[in-house]
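Here is the structure we will look at, set down as structure tokens.
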């Protein structure tokens with residue numbers, strides 16, 4: 001019995017040392033531009049598509065990117081909506097100068113997911129995610145570079161004297177969704193190192209002071225034209241209950257679309273006009289259709 005205890009303790013010690021020298025612990029490294037404090041951090045930015053290390057699952061990297069996006073938004077950054085980003089840059093490399101010109105950006109975030117590792121051994125496990133988040137100005141100057149390694153470990157080796165906890169953590173690690181909490185901690189730690197942006201941001205993203213003018217007319221029985229007067233460069237849509245349809249730009253500050261709306265369906269259809277800025281701000285207004293004519 002004594003020999004078994006000694007063997008187990010030696011095994012635990014060896015594993016701990018290997019993991020220690022293998023950088024098993026979470027760590028962060030921050031490189032800050034000395035001029036960043038004086039010039040401030042831009043609030044209106046874009047989070048570019050993630051750069052992937054060798055063998056990285058694209059869906060997992062995209063999940064991490066969405067988590068990082070949420071963390072940055074919670075720090076009051078105004079991030080370009082992905083639907084606008086994909087129009088100009090569906091994949092890397094991106095022309096950040098063109099993005100800045102088109103949408104009035106003040107900076108760009110570059111995220112790289114370098115590794116996603118899951119290591120299981122005899123009586124424990126170590127999972128880790130490593131990557132970087134960098135913020136650049138529109139002229140390409142790097143304001144901050146954050147390198148993050150987030151690690152979790154568990155099992156009997158790391159829960160000495162707590163057999164139940166060790167077995168429970170090992171079982172949790174075997175679950176398919178175990179990646180998600182680790183990814184959430186990685187995104188939180190990564191974004192936490194980025195300072196909050198300067199407070200005097202442009203009001204380009206604000207829509208709350210705008211009152212859209214929406215009008216409709218009957219072109220022929222059951223066919224309506226719906227138009228809205230709104231600033232250029234926005235996304236205008238009509239919501240039919242749970243369905244969306246775009247209004248296309250037809251002139252300076254005008255968006256229009258033709259829609260077939262049978263009389264039998266109008267009583268059960270809720271029409272809403274929605275306007276969205278490139279930075280995710282939105283505004284909605286119910287639509288009142290013009291006089292409806294039916295065939296005699």
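What follows draws every value from the coordinates through simple rules; no lab data is involved. Bear in mind the structure is a predicted one, so any value in this text is a computation, not a measurement. All Cβ positions, even for glycine, are placed from backbone atoms using ideal geometry, and neighbour counts span all protein chains on display.
If R0 is 25 Å, what FRET efficiency do you get for residue 118 and residue 142 from their C-beta distance, rounded to 0.05?
For residue 118 and residue 142, the calculated efficiency is 0.20.
So what's the stretch 206-286 giving for Rg/Rh, alpha carbon basis, Kirkwood Rh from the mean inverse pair distance? Could you put the intermediate results ahead of the total?
Values: Rg = 12.7 Å, Rh = 13.1 Å.
We get a ratio of 0.97 for the stretch 206-286.
From the convex hull of the Cα coordinates of the stretch 31-84, what is the mean projected area in square nanometres?
Average of the hull's projected areas for the stretch 31-84 equals 5.0 nm².
Expected output is a single nm value to one decimal: the length gained when fully extending between residue 192 and residue 211, i.e. 0.36 nm times separation in residues minus the C-alpha distance. What is it? Intermediate results must be reported in sequence, preceding the final value.
Values: separation 19, 0.36 × 19 = 6.84 nm, distance 3.64 nm.
Answer, rounded to one decimal: 3.2 nm.
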